[in-house]
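To start, the structure itself, in structure tokens.
Every number here is computed from the coordinates shown, using simple stated rules; none is lab data. Please read these numbers as outputs of a predicted model, since none were measured by experiment.
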Amino acid sequence: MRTLAAAIPGRPGPVIAPTEVTRDDVLTHLETLRGSQRQHTIVALRPLSGRAKKNGTIFKSPTSRIRVGRREDGVIQPLEPEHNNGSIAAVTHPADRLILALAAVHAARSAAIRCLQLDDLDIGNRRPSVDGRTRRLDELALQVAPEWLEFRRHPGLTPPTRTY
């Protein structure tokens with residue numbers, strides 16, 4: 001029995017002429033796939049059958065009228081403070097604690113965290129500026145930031161161990 005995956009270039013297996021793949025073959029193969037893998041397969045097959053139709057090797061595209069469907073993203077739930085505190089307590093280095101606090105609470109991306117300057121962290125006014133956006137400094141980052149600054153000022157010291 002031929003498989004649809006064999007009709008896709010770059011995949012292992014014998015190459016099947018596009019005229020041998022029917023709409024039922026496509027639907028049968030798609031029933032075995034779920035989620036984004038199913039969507040990617042449909043999206044990858046459409047140009048192949050379009051090219052075959054343009055070249056005249058097939059009369060009708062086997063992927064026509066097959067809907068890709070909408071991808072349902074899950075609802076993003078904020079982390080509870082006890083989850084953040086446990087994660088922060090597990091990290092030993094002050095810089096890593098600050099990075100984790102900025103990522104968990106402020107949803108700061110890694111590139112934005114790497115670009116942070118000392119001027120961006122205004123502890124006195126509780127206003128960090130992450131990726132050009134000024135935000136209110138939360139309690140967790142307010143506890144972790146002075147530790148990081150102190151460790152940065154005296155790099156030879158061992159990082160303090162604290163429970164949060």
Margin query: Just to check I understand the Karplus step: with θ = phi - 60° and J = 6.51 cos²θ - 1.76 cosθ + 1.60, what whole-Hz values come out for region 41-54, glycine and proline as x?
Written below: 5, 4, 5, 6, 6, 4, x, 5, 6, x, 5, 5, 5, 5
Checklist line | Cα gyration tensor category, rounded, prolate or oblate, for region 78-138 with a/c compared to 1.5 | finding: prolate
